[in-house]
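See structure below.
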Amino acid sequence: MSGGTFVGMPAFPAAAREAVGDATLRANLRHATHTIRDKRARAVAELSDWDRLREAGKRIKDHTLRHLDHYLVRLEESVERAGGTVHWAADAEEANRIVADLVRATGETEVVKVKSMATQEIGLNEALEAEGIRAYETDLAELIVQLGHDRPSHILVPAIHRNRGEIRDIFRKEMGHWGRPAPDGLTDTPAELAEAARLHLREKFLRAKVGISGANFMVAETGTLVVVESEGNGRMCLTLPETLISVVGIEKVVPAWRDLEVFLQTLPRSSTAERMNPYTSMWTGTTDQDGPSAFHLVLLDNGRTDTLADEVGRQALRCIRCSACLNVCPVYERAGGHAYGSVYPGPIGAILSPQLRGTGSDIDASLPYASSLCGACYEVCPVAIDIPEVLVHLRERVVQGGEATRGGNRVTLRPAKGHAAERAAMRAAGLAFARPGALRAGQRLASRTRRLHPRTLPGPGRAWSATRELPEVPAEPFRDWWRRTRGGNSGGTTEGSDR
Amino acid sequence: MSARDRVLGRVRRALADVRADDVPADDLAYEQAVDRGYAREHGERTVTETVDLLAENLADYRAIVHRCTEDEVSDLLMRLYAERGAETVLVPPELPPHWLAAADPVRVHDRAASTPHDLDRVDSVITGCALAIAETGTIVLDGSPDQGRRRITLVPDHHVCVVRVPGQVVASVPQALERLDPLRPLTWISGPSATSDIELDRVEGVHGPRTLEVVLMSGE
Ligand code: SF4
């Protein structure tokens, strides 16, 4: 089982319908996404060169992806020169095995973890549990999720669906099973809840011998890894243990030290709307007497090379996981993160999950429809991923089938059953149209600013963009797509559909 | 076949379309692929204005900012520790001795044998820094002897950081990266530890120090 696929997860429309009916969830989400959205706009407006930073970020990532083998090999050399050990994992199972073996070799049965999408994606905690190793999540939100036997619903604020009363109840009920219990008389003020978490986790940090992390960036030139965070739990896990194991997707590499100047400006402002997040840690291999004496880097594929093989879809690998696209998405705002059935929710999840996992399951086949194609996600994306373009591309693949790469091999996908695709599309449409005003506003905004979007790559990048001319945004509004493929006089049935 | 060969083989096959028309990866190709025409600094400021902006942005993220001359620093630090009632203070190996000449707390040194629990019992830590970034309100530590190991600024609840102004102040993130050595372990700190995980209310101090005091010390 791939840890990222939640067992028994219904297709997006079914899960979304349920979520839309949950008034508490919707209120929590609406408050949260609107707050971050407004703050983000102000933080971005402070930088007069935002568009140039965005374009530079896009090109750095594109260039890296075009030469990924070269930069991975260079990264490996740099990390090993600095005293680290590099491991490669083609899939989740291999990665989990490597990590479990490394932990076992230390003789420890407990590890502390920094929040990491890659380790969630591969289901590392569950895999370690099966080996008798307990992994403690140390990010406050991840702690809430872990104690609540829950799943994360937002990239940046994983417990965004929980309000303070729910969090207090979870702490009171569960903390004692995992370590230091919640203090008597714990109230639901955020300060008291944070204090309870501080005390609960501190005893774990101070005795931990093994830390596990992901990374936001890896610099090929120097072998430096970068972790960006707010609470200090990252610093605890990265510096106090004797052994540090970082599991990182191969797309997180950037060529040069200097490239960090772009992303350290765009990432915090896009994600938490801050000029800079409270803590950023950078380490290169191991340092005598400072921090872990053993450092292991596990480079994870798990569907990334399959995504890379898709000329349209590979741009999803530029993502720096800032979560800005979630916060502006009208569908996410109503459906919530769980409806996406993956650790990657929201617009980026709708294009990343079906590429990493393939479109074989109901949930993955329906994800390309989990959008109104309003284009707001593209507007905010700090690396200019054209999410609507990829959505349309994936819809075509679901409906028409065609060539794709799975597990490193070329395969020919059969078209989805007509009825399944139709149902998925219908329900997603109903959801998006629950508030047509918001949808139209989004489309208008996108078309107004569309001139400003980078459209072709200059220099050596031109060859690539020449073969994949970026479509207008929205590439194809949902209504048009529907009319073209299903509804109107232009054919009525979908090409390749087997009905 | 090793996992390494399998992954690299998949990457190369996935890029067959690129290989057909592309130049090989080298530093020149990379330079041409990325336009660095973004700003090295946002806005025009005098040196004094840059330091003021640092103070403003530090305070905006709830660090407590003090200013003094080199002559005044020991009195200022004495006062800060007295007000807090701090009895012990962690000191990096080569902190300028006169900074703490007037302060009362017992100096504690970070030894190889000291455990995180030992550090947890200390009231405060004092360090210098590698540099500070005005536009973002960030101090950067690089483990130099006046800053010590990463863990000493993490475990105690109170961190006092002395920044020499204007010499250690840069305007922007690009200027900071130019001056830093990637081979050292680096910690960038912008305000005290904070979380917004509970209904997006900002709460200071989950794991790192809950109070960050920055002393902008002039006199170079
Ligand atoms: S797709 Fe873009 S906006 Fe969305 S999380 Fe990734 S980088 Fe951020």
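The values are calculated or read from the model by the stated rules, or taken from the named source; none is laboratory data. Since the structure is predicted, the reported quantities are computational estimates derived from the model, not experimental observations. A quick note on method: Cβ atoms are made from the backbone with ideal geometry, for glycine too, and the neighbour counts reach across all protein chains shown.
Quick notes
- Inside segment B:97-128, residues that are in a loop (DSSP other than H, G, I, E, B) and within 14 Å of chain A (Cβ to nearest Cβ) make up a count of 8.
- Of the set (1) surrounded by 24 or more Cβ atoms within 10 Å (Cβ to Cβ); (2) within 12 Å of the ligand (Cβ to nearest atom); (3) farther than 26 Å from residue A:247 by Cα, all apply to residue A:381 but (3).
- Subset of segment A:306-330 (residues that are of a type in the set (A, V, I, L, M, F, W, C), within 13 Å of the ligand (Cβ to nearest atom) and not in a loop (DSSP other than H, G, I, E, B)): A:316, A:317, A:324, A:325, A:326, A:328
- Residue match in segment B:2-10 (condition: away from every other protein chain (no Cβ under 14 Å) and either outside any helix (DSSP H, G or I) or farther than 30 Å from residue A:59 by Cβ (or both)): no
- Selection of segment A:254-276 for residues being more than 18 Å from the chain's Cα centre (by Cα) and more than 16 Å from residue B:181 (Cα to Cα) yields A:255, A:262, A:265, A:274, A:275, A:276.
- Looking across segment A:331-363 at every residue that is part of a helix (DSSP H, G or I), more than 13 Å from the ligand (Cβ to nearest atom) and small (Gly, Ala, Ser), the one that is farthest from residue A:91 (Cα to Cα) is identified as A:335.
- Inside segment A:198-230, residues that are at the interface with chain B (Cβ under 7 Å from one of its Cβ atoms), touching a helix residue (DSSP H, G or I) at 6+ places or on another chain (Cβ under 6 Å) and either in a loop (DSSP other than H, G, I, E, B) or polar (S, T, N, Q) (or both) make up a count of 1.
- Qualifying residues in segment B:139-194 (those that are basic (Lys, Arg) and out of contact with any helix residue (DSSP H, G or I) (no Cβ under 6 Å at 6 or more places or on another chain)) - the one nearest to the other protein chains (Cβ to nearest Cβ): B:149
- When residue A:191 is tested against (1) at the interface with another protein chain (Cβ under 7 Å from one of its Cβ atoms); (2) closer than 26 Å to residue B:201 by Cβ; (3) in contact (Cβ under 8 Å) with a residue 24 or more places away in the chain; (4) among the aliphatic types (A, V, I, L, M), only condition (3) is not met.
- Considering the conditions (1) more than 8 Å from every other protein chain (Cβ to nearest Cβ); (2) modelled with pLDDT of 95 or more, residue B:57 is excluded by exactly one of them, (1).
- All positions within segment A:92-115 that are buried (at least 19 other Cβ atoms within 10 Å of the Cβ) and either under 17 Å from residue B:1 (Cα atoms) or within 14 Å of chain B (Cβ to nearest Cβ) (or both): A:92, A:94, A:95, A:96, A:98, A:99, A:112, A:113, A:114, A:115
- Filter result for residue A:64 (more than 7 Å from chain B (Cβ to nearest Cβ), modelled with pLDDT of 95 or more and assigned to a helix (DSSP H, G or I)): yes
- Among the residues listed as A:170, A:144, A:155, the single one being at the interface with another protein chain (Cβ under 8 Å from one of its Cβ atoms) and farther than 30 Å from residue A:80 by Cα: A:144
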